[in-house]
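Quick note: the coordinates plus some simple rules give every number you see, no bench work behind them. Because the structure is a prediction, the values reported are computed rather than measured. Note: ideal-geometry Cβ built from the backbone for every residue, glycine included; neighbour counts use all protein chains shown.
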Amino acid sequence: MRNVILLLPLLALLAMARAHGGIPSCGNGRDPLLPIIVDKLWGYADMSGNIVIQPKFRRALPFSSNGLAWVVLDGNSNIPFDHSNVVNEPEGIEFEVNYGGTGFTWSCIDRGGDIIFHCEYPTIKPFFIDGLCPVFSGSEYFGGGWGYCDSTGKLVIEGKYAKAGYFSDGRALVSFQKEFSTYGYIDRAGRMIVEPKLEDARRFSEGLAAVEVDGRWGFIDTTGTFIIAPKFLGAGEFSEGLAWATVKDKAGYIDRTGKFIIPPKFASVGRFSQGLVRTDLKKTFGFVDRRGVFAIPATFERKQISGFDFDFRVNDFSCGRAPVMVGGRYGYIDTSGTVVIPPTFTDAFNFHDGAALVQDGDAWAYIDITGRVIWSTERASAR
């Protein structure tokens, strides 16, 4: 209780600072609930670090915007707390979650911890987007496939796809083939809007989707009509009105007409976020603005995984913060390039709804945008 009382003045100051522009606002206005683990059981804590849903699950995933979260009530495996098991945001079409144990079922809970429904889907994707969640129904070996369930657990789009992505702009990317796939798009009723003949494709963003036809990438609208003809060697999702596109061996950024706003001169590119995008040089990276100029110089280290391979994670700005490496340790900068959370972590990830996951040796923690520790595995083990 004493810890809660001590936190109240700080939280009041943070609220005042956000109101007056001292700290960037973040999140959807609802206090996020963070998956935590205590004595090998998962529960949820709030942004003050208080446990609000008691640890009683074998696995717990983050809450979706519709107020539901996937949990495992039973089973015989203990899932460790680390980045691979604490999913922060929707990933690509390949990303999915299988509990990893036997004799388990997924269930959905609300923010009060009450069970909304049980299901028999062995594999799911972590989030409900636009009210629907991709789930694998049936057997992987006997006619099962990916479909979509709603917030009651009802399978509203039949499980018949080998691959299925999240809905975006009313469309979801699907494929009937697991290997040598071709892709199409369905609507929320399960109708095929764009036939599965695309060699590759990305999810819709800002009303357009990058697709590959005959080895060239262009952009279609939600009806499947080409708005930007397929002429690029590669292309990404639109974000803040720009998308990366590749010509020869260099990438730049185009607008919605297909015109290069930033000429193709970069070896690696990403998505614009808060007016900036991470851009890599050989062993360092910085952040480029909409003029194509390094607004934040490329002085930050790229994490070397092994040999000459580097970590190509996306360091987006979120909540006015981006993780960077300085002197072999991770901290966070603001959009001016100023280090606002000192580089003291062995690993660090993007902020989501005001919280970021960080690692220090064997310990993991959530921090807020000031660097305050919300909850940590060390504190949990000391309880």
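Model label points for V97 and T299, set 7 angstrom from Cα along the Cα-to-Cβ axis, are 3.9 nm apart. Karplus-derived 3J(HN,Hα) values for the stretch 333-345, using 6.51 cos²θ - 1.76 cosθ + 1.60 with θ = phi - 60°, are 10, 9, 6, 8, x, 6, 6, 10, 10, x, x, 10, 9 Hz; glycine and proline are entered as x.
Using R0 = 51 Å, the C-beta based FRET efficiency linking S268 and D46 works out to 0.85.
Pair-distance distribution of the stretch 240-298: all C-alpha pairs, bin width 5 Å, starting at 0; shares per bin in whole percent are 4, 21, 33, 27, 11, 3, 0. Once the Cβ-Cβ distance of E179 and L73 is raised to the sixth power relative to R0 = 35 Å, the FRET efficiency obtained is 0.55. The simple spin-label model puts a point 7 Å past each Cα toward its Cβ; for D255 and F226 those points are separated by 2.2 nm. Once backbone amide H atoms are built at 1.01 Å from N, W364 has T377, E378 as its partners under 5 Å, excluding neighbours fewer than 5 places away on the same chain. For the pair D82 and A363, label points projected 7 Å from Cα toward Cβ lie 1.8 nm apart.
Taking 0.36 nm per residue of separation and subtracting the Cα-Cα distance, full extension of the segment from D200 to K283 would add 26.9 nm. Okay, which of the stretch 327-343 sit inside 19 Å, backbone N to the point 7 Å along the Cα-Cβ direction of E378? Only 328-332, 341-343 fall inside the zone, counting backbone N under 19 Å.
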